[in-house]
Amino acid sequence: MKFLMFSDFHHYPGVFKAGTVEDMHLLQRRAVEEGCSFLLHAGDLCHGPELVPELMAVCDASPVPMYHCLGNHDTDSTSLVRTLEYYHMPAGHYHFDAEGYRFIICDPNYFLDGGEYIHYDRGNYYSHGPQRDHMPPEQLAWLEQVIAASAHPCILVSHESFERENGGVKNYAAVRRIVNEANRRKPHSVLLCINGHYHRDNLRILDGVCWWDVNSTSYDWIENPHSLYPAEMYEEHRLIGNTVCYNDLLYAIVELEGTTVRIQGTQSTMFMGVSREHTDNPVFDAMGRPVRPTIQSVCITL
Ligand SMILES: [Fe+2]
């Protein structure tokens with residue numbers, strides 16, 4: 001089976017150059033050309049679907065089904081309830097079976113406040129930096145049960161990472177335990193775990209499972225802005241100085257066959273040659289990963 005994977009589209013006209021409506025058309029066209037069963041987005045499609053009816057209309061008219069996963073920004077300016085409606089999601093976490101595989105969409109978009117897990121909703125998490133990104137215990141129990149009950153190998157998808165020991169989901173170890181325990185009981189219960197959020201391209205095999213950090217379609221975010229793009233671009237895109245952009249859209253065609261994962265990625269170059277090195281920002285992230293305008297192509301049999 002084949003699907004088109006992409007992440008961190010960040011459609012935000014007037015703010016970012018990234019993720020245009022034309023880009024979404026291109027992704028849908030590519031999914032049709034490649035015979036994909038669906039498109040799957042790993043979160044941060046936009047900064048609240050109510051802001052961007054033009055994008056929602058294109059998603060709704062997609063010639064190939066689209067599945068979404070919530071990112072921290074998707075509910076920034078639209079309530080969680082309305083965002084789920086726009087994205088046609090039954091809940092933040094859900095699963096579906098497709099052609100011999102089970103896709104489990106997880107939702108670690110919760111912050112801890114006085115022992116309570118609170119879901120991100122209209123930017124309420126901004127002031128809770130150190131307490132962000134948790135999987136609530138009920139969702140961990142649900143995940144364990146959904147994997148155990150599956151007749152098919154499972155693919156986990158989340159916006160924030162269960163693979164990154166630094167900067168990932170705070171209780172990532174609990175998810176890893178569930179995955180490893182399921183694979184111990186029944187080999188290949190979980191084959192692949194996918195995340196977005198960090199705008200990096202990385203693939204790591206851990207305990208026989210493929211953990212895939214999926215790059216953004218369009219750019220990396222930088223804390224300290226630069227002024228290396230032409231002045232008029234800053235008028236058109238308010239936060240372009242906080243980004244280093246890619247010249248071409250990054251996405252991947254993923255093919256699953258038995259226990260083989262085949263990823264056909266994309267390669268681009270940095271827009272105007274500007275990368276983190278040219279700005280007043282660290283080159284590497286918390287996991288030592290640099291920005292590359294690439295999604296690597298690999299074929300792995302687990
Ligand atoms: Fe994110």
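At-a-glance table
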read-out: Counted charge near Gly129, where neighbours are those whose Cβ lies closer than 15 Å (Asp, Glu -1; Lys, Arg +1); value: -2
read-out: Helix axis angle, 137-148 relative to the chain longest principal axis, alpha carbon, degrees; value: 60
read-out: Theoretical FRET efficiency, 1/(1+(r/R0)^6), r = Cβ-Cβ of His152 and Gln296, R0 25 Å, to 0.05; value: 0.45
read-out: Per-residue HN-Hα couplings for segment 187-192 [Karplus 6.51, -1.76, 1.60; θ = phi - 60°; Hz; x = Gly/Pro]; value: x, 6, 4, 10, 9, 9
read-out: Antiparallel bridge percentage (DSSP; both residues within segment 2-301; nearest 5); value: 60
read-out: Phi to ³J(HN,Hα) by Karplus 6.51 cos²θ - 1.76 cosθ + 1.60 over segment 233-241, Hz, x for Gly, Pro; value: 5, 6, 6, 6, 10, 3, 10, 5, x
read-out: Qualifying GluC sites (Glu not before Pro) in segment 44-148, DSSP loop, other Cβ atoms within 10 Å at most 12; value: Glu99
read-out: Residues with amide H under 5 Å from that of Phe38, placed H, sequence gap 5 or more; value: Leu4
read-out: Centre separation in Å (Cα based) which lies between segment 239-302 and segment 98-159; value: 24
read-out: Residues Arg185 and Ile205, FRET efficiency given R0 of 25 Å [Cβ-Cβ distance, rounded to 0.05]; value: 0.80
read-out: Bridge type composition, segment 1-137 - antiparallel percent by DSSP, nearest 5; value: 55
read-out: Folded to 0 to 90 degrees: helix 21-33 orientation relative to the chain principal axis, Cα; value: 40
read-out: Relative contact order %, the chain, counting alpha carbon pairs below 8 Å whose residues are six or more apart; value: 18
read-out: Calculated from backbone phi, Karplus (6.51, -1.76, 1.60) coupling profile of segment 158-171 in Hz, x at Gly/Pro; value: 8, 6, 7, 8, 9, 9, 7, 6, 10, x, x, 4, 4, 9
read-out: Within straight-line cross-link reach of Lys2, lysines at Cα separation under 25 Å, skipping those fewer than 8 residues along the same chain; value: Lys186
read-out: Cut-off under 5 Å, modelled amide H: who pairs with Tyr219 long-range; value: Tyr246
read-out: Packing-based exposure ordering (other Cβ within 10 Å, fewest first) of Cys193, Cys210; value: Cys210, Cys193
read-out: Crossing angle, helix 172-185 versus the chain [Cα axis fit, 0-90 degrees, rounded to tens]; value: 40
read-out: Approximate spin-label separation Asn124-Val283, in nm, with each point projected 7 Å along Cα-to-Cβ; value: 4.2
read-out: Fewest-first ranking of Asp213, Asp113, using other Cβ atoms within 10 Å as the exposure measure; value: Asp113, Asp213
read-out: Evaluated at q = 0.12, 0.13 Å⁻¹: base-10 log I(q)/I(0), Debye formula over Cα of segment 2-301; value: -0.75, -0.90
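Laboratory data are not the source of any read-out in this text; all were calculated from the coordinates shown. Keep in mind that what you see is a predicted model, and the values were worked out from it rather than measured. Note: ideal-geometry Cβ built from the backbone for every residue, glycine included; neighbour counts use all protein chains shown.
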